[in-house]
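Here the structure is laid out as structure tokens; the discussion comes afterwards.
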Amino acid sequence: MEQRHLGRTGLRVSRLGLGTLTWTRDTDEQEAADQLKAFWEAGGSLVDTADIYADGGAEYLLGRLTEELVPREDLVIATKAGSVLETDRRVDGSRRHLLAALDASLERLGTDYVDLWQLHAFDPHTPLEETLQALDLAVASGRARYVGLSNFSGWQLAKAGTWQLAAPGARNRLASAQMEYSLLQRGIEREVLPAALDLGIGLLPSSPLGRGVLTGKYRHGTPADSRGASDHLAAFVAPYLDETASRVVEAVTTAADGLAVTPLQVALAWVRDRPGVTAPVLGARTAQQLRAALSVETLSLPDEIRRALDDVSAPVHHYPDHDWSTL
């Protein structure tokens, strides 16, 4: 698998990442082991998890499989901290919480360090400089090699990235931003992506297949074994089952038919090769689904198909994104 630099850093990662959101919940240990081995054998290195996935279960399972199945040095392990399941708050970006969460992640993962440590979300109740100081402390202590953000808006990302660059040598450059990005969700193109490109921050798209909808599996209903039919993920899929999404899915299917490939491959190739993207993170439920996604490595979309998909999925951006005098 082709390797790419993560943002403007020296860290190289596979241009597809393996996500672990479903591990120990919808994906059992054997399936997870099959996924990790298939990913590694295909040349994949970037494995993404979070302390909140399955209440720590995904990290624990990844740690076991790394010890038993795949050499630790062959993987770029990324995890996240900051999300909390409390009645009065969803995010805790305090230095106290973040550093304690990192220690707990390292224990579950069975490792002395993570390659990439990410803030899971922006905390409006904690000073941003306090939150970012936790990232610098993690690197200075050797517990993290690189740091990044997740689910930050454009102004939040720009503020954080600029703050880190303001004191070279004392603060660590942000390597990455993990954001939802696909043909069905192009909202980051408004402000987040331009900020990331300007600051040299690599993009790690989550849900690159539109929460599974871009595979075409929902074209004629909701399969019984799909996320859209599950009690805990149906609401997650539902926003992408409207008429607007349907038009995009039909265009992807038409392109796939013309290229003699699958809609999954077309949708994934589109987002993988967008400007600023380092590696889409694949959240497969089964090893079979993952292998189907990994087959995209040999596909590059022709320019005319890429432009057609750009057009059919184009978000509406007006002022102030375009010259005000033309509006």
Among the residues that make up the stretch 180-191, is at least one of them in a helix (DSSP H, G or I) and buried (at least 21 other Cβ atoms within 10 Å of the Cβ)? yes
Which of the residues that make up the stretch 284-305 are open to solvent by 40 Å² or more (accessible area, probe 1.4 Å) and under 15 Å from the mean Cα position of the chain (by Cα)? none
Pair list, Cβ under 6 Å, 6 or more apart: the stretch 106-118 residue within 12 Å of Thr66 (Cβ to Cβ), other residue surrounded by 20 or more Cβ atoms within 10 Å (Cβ to Cβ) and modelled with pLDDT under 95: none
Which listed residue is out of contact with any Lys or Arg (no Cβ under 9 Å at 6 or more places or on another chain), over 16 Å from Thr9 (Cα atoms) and crowded, with 19+ Cβ neighbours inside 10 Å, from Ala166, Ala158: Ala158
From the list Ala256, Ala235, Ala260, Ala251, which one is open to solvent by less than 40 Å² (accessible area, probe 1.4 Å) and out of contact with any Pro (no Cβ under 7 Å at 6 or more places or on another chain)? Ala251
Only one residue in Asp136, Asp103, Asp123 is within 22 Å of Gly200 (Cα to Cα) and outside any strand (DSSP E or B), so which one is that? Asp136
Looking for whichever is under 23 Å from Val47 (Cβ atoms) and open to solvent by less than 20 Å² (accessible area, probe 1.4 Å) here; the options are Leu209, Leu174. Which one fits? Leu174
Of all residues in the stretch 5-22, how many are more than 15 Å from Leu268 (Cα to Cα), open to solvent by less than 50 Å² (accessible area, probe 1.4 Å) and at pLDDT 95 or above? 6
Quick check, is Ala78 surrounded by fewer than 24 Cβ atoms within 10 Å (Cβ to Cβ), of a type outside the set (Val, Ile, Thr) and at pLDDT 95 or above? no
Across the stretch 47-64, which residue is most open to solvent (accessible area, probe 1.4 Å) among those that are free of Cβ contacts under 8 Å to residues at least 40 places away in the same chain and assigned to a helix (DSSP H, G or I)? Asp55
Considering only the stretch 258-275, I want to know if a residue exists there that is assigned to a helix (DSSP H, G or I) and without any contact (Cβ under 8 Å) to a residue 12 or more places away in the chain. no
Within the group Thr87, Thr111, Thr66, which residue is more than 20 Å from the chain's Cα centre (by Cα), modelled with pLDDT under 95 and under 22 Å from Gly148 (Cβ atoms)? Thr66
Residue set Glu73, Glu31, Glu2; condition free of Cβ contacts under 8 Å to residues at least 40 places away in the same chain and either surrounded by fewer than 20 Cβ atoms within 10 Å (Cβ to Cβ) or on the phi > 0 side of the Ramachandran plot (or both); output residue Glu73
Determine, yes or no, whether His97 is open to solvent by 10 Å² or more (accessible area, probe 1.4 Å), under 19 Å from Gly202 (Cβ atoms) and not aliphatic (A, V, I, L, M). no
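The values are calculated or read from the model by the stated rules, or taken from the named source; none is laboratory data. Quick caveat: nothing in here was measured; it's all calculated off a predicted structure. Virtual Cβ from ideal backbone geometry, glycine too; neighbours counted across all protein chains shown. We work out accessible area using only protein heavy atoms, side chains counted, and drop any ligands, DNA or RNA first. Shrake-Rupley method; radii C 1.70, N 1.55, O 1.52, S 1.80 Å.
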